[in-house]
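Single-structure report; data block below.
Please treat every number below as a calculation from the coordinates, not as lab data. The structure displayed is predicted, hence computed values, not measured ones. Quick reminder, even Gly has a Cβ in these numbers, built from the backbone with ideal geometry, and neighbours come from all protein chains shown.
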Amino acid sequence: MKIGIAGVGITKFGELWGKSLEDLIIDAANQALIDSKLDKSKIDALFIGNMLYGKLSNQDHLGAFAASLLGINVPAFRIEAACASGGLAVHLAIQSILAGSYENVLVIGAEKMTDYPSSEISLGLMGAGSEEERHAGLTFPGLYALMAKAHIQKYGTTKEQLAATAVKNHYHASLNSNAQYPFEISIEKVLKSGSIVEPLTLLDSSPITDGAAAIILSKSVKPDQVYIAASAVSSDNLNLSSRETLTELKATQIAAKKAYTQAKVSPSDIDLAEVHDCFTIAEILAMEDLGFCKKGQGGKFIEQGTTRLGGKLPVNTSGGLKACGHPVGATGVKQILEIAQQLKGLSGKRQVKKASVGLTQNVGGTGATSVVHILKI
């Protein structure tokens, strides 16, 4: 499989009070069109990943909404898979090209979250949880805290290792002008930040964010162009308590295995990765579930500096969800964009040297959906 990435575009991530969702969509999409050097008349279809706009603004017809904003009369689809909405939009766009339906497809991920009370956002996000979890009063910080506690009890993972994940991602974000939090923090600061749900603190958690990212996927792959070599999706039980274990995401394991097979690579061939660190424990689980280290060793793997710029496997060079920000519908598309820019050597101070193979992992909910892509150049 070879699907070319013809162009990319991204907005600043953060509390963008002066920007509407419409502004974000237009900004990211126009950047991608300019980058691709394609006229918008060459776009055959549009896929937009978004989770919350229907709940927050009562606009559910987001595919046609985005196409209207951009002035393109093409088939347009809104894709929702909780926080994996962007990644799934990319996956389905790829399938549409492989099926022969379209040649050039615009994929946008966008979310506008900061205009609404945090209580309303929390309620909206829990739409990705099970009915039992909502009735129990659980939120996603609480659910990921349960996963963190289980990992600590089973493998001896420490709060310092959780904190090291946040510290590393903030360092990467300090080199990214589009990041919501482009500054460094210390392990001590993470440990002393306010408790959200034991053992997770405020600085173990990704923020509420506005932002958009866009990519143009093409049937044709030009010489020296980044292309998607694998795209795989899997799912798991929506209810965390109904799963076999709290210390791994089986959907990620299954999707990763499929992706490695499609791309004809192994975990040791990956030069860098963007993974779904909605909470620090999620990145630790990702290291294990993607096969980068042995089960139970994710905390040590990160603590030892392996995933920091300059390490053997830089992870979340954008700053990840934790520090770059997490506009939920945009995250999966941003991950693809970050890897594409890295493989093209366009990442400036956070450039990974001699990178030729990259991976993204985008998760919905507590792992009920997982999307894995592998990119090459």
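The table below gives the values:
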| read-out | value |
| --- | --- |
| Three-way shape call for region 258-372 based on the alpha-carbon gyration tensor, with the a/c threshold at 1.5 | rounded |
| The chain - share of DSSP beta bridges that are antiparallel (%, nearest 5) | 70 |
| FRET E, pair A150, N239, Förster distance 22 Å, beta-carbon r, rounded to 0.05 | 0.90 |
| Over the chain: helical MRE at 222 nm, DSSP H runs n ≥ 4 each giving -39500 (n - 2.57), nearest 500 | -11000 deg cm²/dmol |
| Overall form of region 101-211 per C-alpha gyration tensor (a/c, 1.5; a/b vs b/c) | oblate |
| Extension reserve of the K312-K189 stretch, reckoned as 0.36 nm per residue once the Cα distance is removed | 41.7 nm |
| Local net charge near G298, Cβ-Cβ under 11 Å (Lys/Arg +1, Asp/Glu -1) | -2 |
| Alpha-carbon centroids, region 321-336 and region 262-293: separation in whole Å | 16 |
| Ranked M147, M126, criterion: other C-beta atoms within 10 Å, fewest first | M126, M147 |
| Mean Cβ neighbour count within 10 Å, used as a protection proxy, ranking 302-308, 358-364 highest first | 358-364, 302-308 |
| Two-site label geometry, L202 and A64: point separation in nm, points 7 Å out along Cα→Cβ | 4.4 |
| Whether region 1-47 is rounded, prolate or oblate, judged on the alpha carbon gyration tensor where a/c under 1.5 counts as rounded | prolate |
| Sorted peptide list for 310-322, 211-223, 50-62, 345-357, criterion being average Cβ within 10 angstrom, highest first | 310-322, 211-223, 50-62, 345-357 |
| Cα pair distances of region 179-251 binned at 5 Å [whole percent] | 3, 9, 12, 10, 13, 16, 17, 11, 6, 3, 0 |
| Rg over Rh, two decimals, region 183-222 (C-alpha only, Kirkwood Rh) | 1.34 |
| Angle in degrees between helix 250-263 and the longest Cα principal axis of the chain, rounded to the nearest 10 | 50 |
| Simple spin-label estimate for Q225 and T158 in nanometres, 7 Å along Cα-Cβ | 4.9 |
| Cβ-based net charge around T369, under 15 Å, with every Lys or Arg adding one and every Asp or Glu removing one | 0 |
| Ranking of C83, C293, C278 by count of other Cβ atoms within 10 Å, fewest first | C293, C278, C83 |
| Environment charge of A6, counting only residues whose C-beta is closer than 9 Å and scoring Lys/Arg +1, Asp/Glu -1 | +1 |
